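Inspection log for the structure reproduced underneath, given as structure tokens.
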Amino acid sequence: MTQSLTILGLESSCDDTAAAVVRREADGSVRILSSIVFDQADLHRAYGGVVPEIAARAHAEKLDHCVRDALQHADLGLGDLDAIAVTAGPGLIGGVISGVMCAKGLAAATGLPLIGVNHLAGHALTPRLTDAIAYPYLMLLVSGGHCQYLIARGAEDFSRLGGTIDDAPGEAFDKTARLLGLPQPGGPAVQQEAASGDARRFRFPRPLLDRDDCNLSFSGLKTALMRLRDQLIAEKGGLTRQDRADLCAGFQAAVVDVLGEKTKRALQIYLQENPAVPTVAVAGGVAANTAIRHRLETICADFGAAFTAPPLALCTDNAAMIAYAGMERFEAGARDGMDLSARPRWPLDQSSPAMLGSGKKGAKA
């Protein structure tokens, strides 16, 4: 490269409104100049989950403030940008529309190129933003609405090895938290409770380990936990704090075991490509779970593969990943027009059939 490239990214696919500015310097190094995230936890807390209509309205109200703050933190103006990248799907359609319309308005007003980005590609490319890892690498994308194993060969070249056929892990953590009266988001709450629990007290199923593939299922874990909870309540008239901690520990251990075994199978397939530097990356909100990270690190060491995970702030939804994914598309010559549409579904691997099951966001990509 002979000159720098500066991209503004917008993200509004679920319940976080975000804007960020990312720059690739002339020497090829990449820096996050700013990353602003407005969460909506207070708006949805009373409902036990994200309400799409409330989320969409909050995005529409906050996006311009987010953009302003991101530019101010980067000490830049719109005239200093080279392009605008925006999440165009998949996600809650009202929120995605809010982001796409905001980006179109900015592009129309400034004449800057518009780049539509797949939200999942944002997560999947985050390890290249943070650690500059080379293609191809094995990606475990594990979040509230998605879970899949991908071989990433390029910014728009992904092969899915397997994924969840029903609930994603993050969704299962959220449901577990609700069943046990823990706050949302459920992942951090369950992990905190599990730290003081005995994972051996209750035996949870390990779904689909009898199948020789990379597909996963987590809805049965939630059902098993609900039955154990109801049994304890019937026997004792309620749950003690230790009961709750032990249930969380057993549930988390089952998730870790399933992801660990399926990761081994995905690694065996990936290594057949003989990558020069075998690398396994994990991204998405559930990648913040320390027990899952530790198991994946151990497995990678056993297989002689490098392991990388983004900083915790880049595991959850953010716009820096969207700006970077847009940058890779921009450098490859991609441009979108004012006919860019918001998409509730957008699989990364266009050649594979949709996964069975629905989960909270519909058929899995």
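The values are calculated or read from the model by the stated rules, or taken from the named source; none is laboratory data. Just so it is clear, the model here is predicted, and its values are computed rather than measured. Neighbour counts are summed over all protein chains in view; Cβ atoms, including those assigned to glycine, are modelled from backbone coordinates with ideal geometry. Remember, those area values only see protein heavy atoms, side chains included, never the ligands or the DNA or RNA. Shrake-Rupley method; radii C 1.70, N 1.55, O 1.52, S 1.80 Å.
Can you tell me which residue is surrounded by the most Cβ atoms within 10 Å (Cβ to Cβ) among those in the stretch 40-95 that are under 24 Å from Met338 (Cβ atoms) and charged (D, E, K, R)?
Result: Lys62.
May I ask you to list pairs of residues, at least six apart or on different chains, whose Cβ atoms are under 9 Å apart, with the first in the stretch 260-277 being open to solvent by less than 10 Å² (accessible area, probe 1.4 Å) and assigned to a helix (DSSP H, G or I) and the second being among the basic types (Lys, Arg) and at pLDDT below 95?
none
With respect to Arg335, determine if the residue is open to solvent by 10 Å² or more (accessible area, probe 1.4 Å), basic (Lys, Arg), within 26 Å of Asp16 (Cβ to Cβ) and modelled with pLDDT of 95 or more. Break it down into steps so the answer makes sense when it comes.
Details: open to solvent by 10 Å² or more (accessible area, probe 1.4 Å): yes; basic (Lys, Arg): yes; within 26 Å of Asp16 (Cβ to Cβ): no; modelled with pLDDT of 95 or more: yes.
No, not satisfied.
In the stretch 31-48, what count of residues is obtained for those that are touching a helix residue (DSSP H, G or I) at 6+ places or on another chain (Cβ under 6 Å) and not aromatic (Phe, Trp, Tyr)? Reasoning before the result, please.
At the first step, the residues of the stretch 31-48 found to be touching a helix residue (DSSP H, G or I) at 6+ places or on another chain (Cβ under 6 Å) are 32-36, 38, 40, 43, 48.
Still in the list and also not aromatic (Phe, Trp, Tyr): 32-36, 40, 43, 48.
Within the stretch 31-48, residues that are touching a helix residue (DSSP H, G or I) at 6+ places or on another chain (Cβ under 6 Å) and not aromatic (Phe, Trp, Tyr) number 8.
Please go through the stretch 135-151 and pick out each residue that is open to solvent by 20 Å² or more (accessible area, probe 1.4 Å) and modelled with pLDDT of 95 or more.
Tyr135, Pro136
Residue check, Gly220 against (1) at pLDDT below 95; (2) buried (at least 20 other Cβ atoms within 10 Å of the Cβ), all met but one. Which one?
(2)
Considering only residues that are farther than 15 Å from His65 by Cβ, small (Gly, Ala, Ser) and surrounded by 24 or more Cβ atoms within 10 Å (Cβ to Cβ), which ones fall in the stretch 10-30?
Ser13
Does Val117 satisfy being within 23 Å of Asp82 (Cβ to Cβ), in contact (Cβ under 8 Å) with a residue 60 or more places away in the chain and either aliphatic (A, V, I, L, M) or surrounded by 24 or more Cβ atoms within 10 Å (Cβ to Cβ) (or both)?
So Val117 fits the description; yes.
Just give me the residues in the stretch 232-259 being of a type in the set (Lys, Arg) and open to solvent by 60 Å² or more (accessible area, probe 1.4 Å), in sequence order.
Selection gives Lys236, Arg241.
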